[in-house]
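The values are calculated or read from the model by the stated rules, or taken from the named source; none is laboratory data. All of these numbers come straight from a predicted model, not from anything done at the bench. Positions of Cβ are backbone-derived with ideal geometry, glycine not excepted, and every protein chain shown enters the neighbour counts. Keep in mind that these areas ignore ligands, DNA and RNA; they rest on the heavy atoms of the full protein, side chains included. Shrake-Rupley method; radii C 1.70, N 1.55, O 1.52, S 1.80 Å.
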Amino acid sequence: FASCTEGRPDSAPLRLAGNMAVGVARSGGASAAPDGLGDGAAEMPATVSSGVEGGEAAEGEDVADSGLPTMSPKVLQECCLKNGGFTSPELNELLMLQYKGFRKIEGLEAYSNVKSLFLECNGIHRIQNLSCMPHLSSLYLQQNCIARIENLEKLTSLTYLNLAHNNISCVEGLEPLLKLERLNLASNKFTEVSAFEGLAARKDSLKSIDVSCNYIDDGDAFLSLWPRVAPEVECLYLHHNTCSRTLKDYRRRVVSGLPKVRWLDERPVTEMERVGCEAWATGGRDAENKAKADFALAEMEAKKKSFDDYRRLYDAAASRARAQREAQEARESDRARAKAELDETGALASGWLAMPGAADPEPSSGSQEPERRGELRAKVTAFIKKREANAAAAAAVAEGQAHDPAADVAVVAVAPEEPADVSEAFAAAIADDGVAGSVDNASGGVADGAGAGVL
């Protein structure tokens with residue numbers, strides 16, 4: 001659908017219904033074409049007439065146009081699936097229905113949990129049938145054929161409303177929108193400043209307002225309006241109105257009148273600009289220049305102070321780290337000196353304690369100190385040698401061979417004390433030394449017939 005109203009705010013839009021209009025013209029019968037003209041020329045007047053009548057009817061009651069897309073359950077489901085949604089309507093929080101050619105908002109009752117609804121670039125004439133979406137927070141209706149702001153009573157959670165590029169000429173119906181923060185009314189049909197008085201209904205909540213590209217002529221009244229209807233606004237777009245070319249000191253007047261505005265038209269409001277504008281409002285250009293110069297000097301001083309504070313903190317941290325390193329080095333040096341003295345004299349210097357090294361592994365259960373292990377190994381070796389000598393002497397006696405008396409005495413003296421096996425011998429050696437140990441483990445460490453055992 002095309003709207004032929006550019007530059008003509010007071011004229012009714014001429015809407016062409018495409019194939020629909022052509023079908024109406026043909027069914028209604030066309031007058032005879034003049035000589036030299038075909039059937040298409042004869043149908044054109046009827047087509048335009050049908051389109052205009054449909055547009056006029058749409059401004060009052062809805063028109064049911066057969067052949068045009070409608071929001072049927074099947075179409076809505078296909079749109080959800082196409083945009084990554086769900087087949088179950090209640091699971092969708094985002095509903096994208098833009099560029100579909102819809103002329104009426106309908107069939108959305110099942111989509112009660114939708115939070116963002118995109119309906120831009122359709123042929124919608126009225127805002128309606130949205131009361132089933134109480135959780136709706138963002139509503140996109142730009143580039144349609146809407147002439148009034150209406151039927152928004154149930155949308156109490158709405159925070160963003162985009163109605164740009166429509167046929168709206170008056171702000172109304174915003175009272176129920178308690179949470180509305182952003183409103184876009186750019187490129188509509190506003191011609192009078194009084195048409196924006198309806199913004200005062202939401203003056204405490206509105207943070208961003210766009211009324212650019214309209215047809216406002218009275219620049220002075222336009223600028224004096226905003227401190228009254230939107231004192232809390234932070235982003236304001238007023239550019240490309242009819243009065244924009246003739247307004248003098250436009251940014252100074254707006255910024256000085258709105259203490260919270262941070263963005264005006266196409267660029268931000270800096271701190272220096274705000275200081276200058278507020279000074280200009282009270283003392284003119286000279287006061288503005290002086291305020292800006294003072295602000296620049298104060299800003300430089302603040303930056304210098306911040307840099308000096310940083311350097312002071314940096315130097316303090318570096319000094320602290322250096323002192324810690326020096327103290328650590330001194331402690332290591334003193335410890336090394338005390339250890340050397342301990343190794344040489346066996347006595348610790350005053351103020352030092354000998355502690356086991358944290359890196360030394362503790363002995364496992366069943367193991368002995370090196371000296372103790374050496375003593376036990378020597379005892380086991382002596383016992384084995386003694387046993388071998390006794391066994392040889394006993395064998396010689398059995399064979400009737402002559403032996404040295406000393407050897408016989410040794411055999412007699414030792415034989416009664418000979419243990420039954422090596423385990424008992426090792427246990428006896430450990431018992432003689434007064435050291436507790438595991439006999440089974442010790443016997444497992446002695447090789448039969450070997451000269452020495454390995455623990």
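Under the combined filter of DSSP loop state and at most 11 neighbouring Cβ atoms within 10 Å, segment 233-313 retains these GluC sites (Glu not before Pro): Glu266. For segment 258-301, the residue among Ala293, Pro259, Thr270 whose Cα projects farthest onto the positive side of the dipole built from Cβ charges is Pro259. Reported value for segment 75-228: 93 Å³ per residue, from the convex hull of its C-alpha atoms. A Förster radius of 41 Å combined with the Cβ-Cβ distance from Asp294 to Arg320 puts the calculated FRET efficiency at roughly 0.60. Counting only protein heavy atoms and using a 1.4 Å probe, the accessible area of Lys82 comes to about 150 Å². Model label sites at Thr381 and Glu106, defined 7 Å from Cα along the beta-carbon direction, differ in position by 11.1 nm.
Residues Trp280, Trp352, ordered by accessible area of protein heavy atoms at a 1.4 angstrom probe radius and largest first, appear as Trp352, Trp280.
Each Lys or Arg adds one and each Asp or Glu takes one away; over the other residues whose Cβ falls under 13 Å from the Cβ of Tyr314, this sums to +1. When all protein chains stay in place and ligands, DNA and RNA are ignored, the 1.4 Å accessible-area order of Phe190, Phe118, Phe86, largest first, is Phe86, Phe118, Phe190. Across the protein chains, with a 1.4 Å probe defining accessible surface, the residues Ser306, Ser138 rank Ser306, Ser138 from largest area downward. Solvent-free Debye calculation, one equal scatterer per alpha-carbon of segment 127-200: log10 I(q)/I(0) at 0.12, 0.13, 0.16, 0.27 Å⁻¹ equals -0.29, -0.34, -0.52, -1.43. Once C-alpha pairs closer than 8 Å and six or more residues apart are averaged by separation and normalised to the residue number of segment 145-285, the relative contact order reads 17 percent. Note on segment 188-344: Rg/Rh from Cα positions, Kirkwood definition for Rh, rounded to two decimals, is 1.48. In the context of the full set of protein chains, residues of segment 161-250 present 41 Å² of accessible surface per residue (probe radius 1.4 Å, heavy atoms only).
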